[in-house]
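In what follows, a structure is listed as structure tokens, so that the remarks can point back to it.
The values are calculated or read from the model by the stated rules, or taken from the named source; none is laboratory data. Every value quoted in this text rests on a predicted model; they were computed, and no experiment measured them. All Cβ positions, even for glycine, are placed from backbone atoms using ideal geometry, and neighbour counts span all protein chains on display. Ligands, DNA and RNA are stripped out before the accessible areas are found, and what is left, the full protein with its side chains, is counted by its heavy atoms. Shrake-Rupley method; radii C 1.70, N 1.55, O 1.52, S 1.80 Å.
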Amino acid sequence: MIQISLYRDGSGRICGFRCAGHAGYAENGSDIVCAAVSALAMTTVNSVEQLTSDRFSYKESEAEGQMEFRIVSGFSEASEILMKSLALGFSGIAESYGGYVRVTETSVK
């Protein structure tokens, strides 16, 4: 199962996320659930990098199926919209493939 934790800052904004695990929906290379989560996550990371001047931290381990992203300064309106869009996408995948994806929220400072 892919465990997704959306990070909310003190203002209630989604400021990052952590994805961990593998869906197990299909064989590696054919798993549409893993591909969907990865595509959403990477598009958001790349969009924040290319379309904003916000600073962020990012780390990943493909072997362990982990990815973590967090905006650390300059939280722009564009990043806020991108993070809301990411949350909608993750929620939609979890609704359709609930046994393979779980989304939770965590407060961060």
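What to note about this one:
- For segment 49-97, the set of residues classified as open to solvent by 40 Å² or more (accessible area, probe 1.4 Å) and of a type in the set (G, A, S) consists of S53, S57, A63, S73, G74, A78, S85, S91, S96, listed by residue number.
- Selection count where residues are in contact (Cβ under 8 Å) with a residue 24 or more places away in the chain and either open to solvent by less than 90 Å² (accessible area, probe 1.4 Å) or touching a Gly at 6+ places or on another chain (Cβ under 7 Å) (or both), scope segment 24-37: 5
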